[in-house]
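The values are calculated or read from the model by the stated rules, or taken from the named source; none is laboratory data. Note that the structure is a prediction, hence the values are computed from the model and not measured. All Cβ positions, even for glycine, are placed from backbone atoms using ideal geometry, and neighbour counts span all protein chains on display.
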Amino acid sequence: MHDHKFDPVKAEKLLAPERYQKIKPDILLQKLGVPPGSTILDLGCGNGFFTFPASAAMGENGMVIAADSSGEMLQLLSDRNPRDNVQVL
């Protein structure tokens with residue numbers, strides 16, 4: 001089992017524009033084919049790299065459950081004011 005945890009001090013790197021260009025979470029979500037209105041789980045959500053695009057893709061009738069083992073990362077996500085369709089665990 002892997003026990004690595006991301007250092008919250010470096011959390012801003014997770015949201016760098018270059019990372020969005022390389023990984024393209026919007027395109028990945030489209031390819032997964034999850035229809036708007038669905039509920040999805042973002043496990044290991046960190047500060048919300050996938051949470052925010054998933055929230056937009058699911059729309060107001062869908063839900064994103066954002067879960068992470070790090071309370072600090074969850075606080076960073078919450079500080080970014082996610083939409084009402086995001087439940088932070």
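The figures follow:
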| quantity | calculated |
| --- | --- |
| Residues satisfying the stated conditions in the range 61-87, i.e. in a strand (DSSP E or B) and within 20 Å of residue 7 (Cβ to Cβ) | 66, 67 |
| Among (1) under 20 Å from residue 78 (Cβ atoms); (2) under 12 Å from the mean Cα position of the chain (by Cα), the one test that residue 26 misses | (1) |
| The range 57-71 - residue that is surrounded by fewer than 19 Cβ atoms within 10 Å (Cβ to Cβ) and within 11 Å of the chain's Cα centre (by Cα) and, of those, nearest to residue 89 (Cα to Cα) | 67 |
| Tally of residues being in a loop (DSSP other than H, G, I, E, B) and more than 13 Å from the chain's Cα centre (by Cα) across the range 32-45 | 6 |
| Conditions (1) surrounded by 16 or more Cβ atoms within 10 Å (Cβ to Cβ); (2) modelled with pLDDT under 95; (3) of a type in the set (A, V, I, L, M): number failed by residue 74 | (2) |
| Flag if residue 89 is loosely packed, with under 12 Cβ neighbours inside 10 Å and touching a strand residue (DSSP E or B) at 6+ places or on another chain (Cβ under 8 Å) | yes |
| Cross-chain or 6+ apart pairs with Cβ under 7 Å, the range 67-79 first and closer than 15 Å to residue 12 by Cα and in contact (Cβ under 8 Å) with a residue 24 or more places away in the chain, then in a loop (DSSP other than H, G, I, E, B) and of a type in the set (Gly, Ala, Ser) | 73/46; 77/48 |
| Where a residue in the range 2-31 is closer than 13 Å to residue 48 by Cα and part of a helix (DSSP H, G or I) and its partner, wherever it lies, is of a type in the set (S, T, N, Q) and at pLDDT 90 or above, with Cβ under 6 Å and at least six apart | 11/47; 14/47 |
| Residues of the range 46-60 classified as part of a loop (DSSP other than H, G, I, E, B) and touching a helix residue (DSSP H, G or I) at 6+ places or on another chain (Cβ under 9 Å), total | 5 |
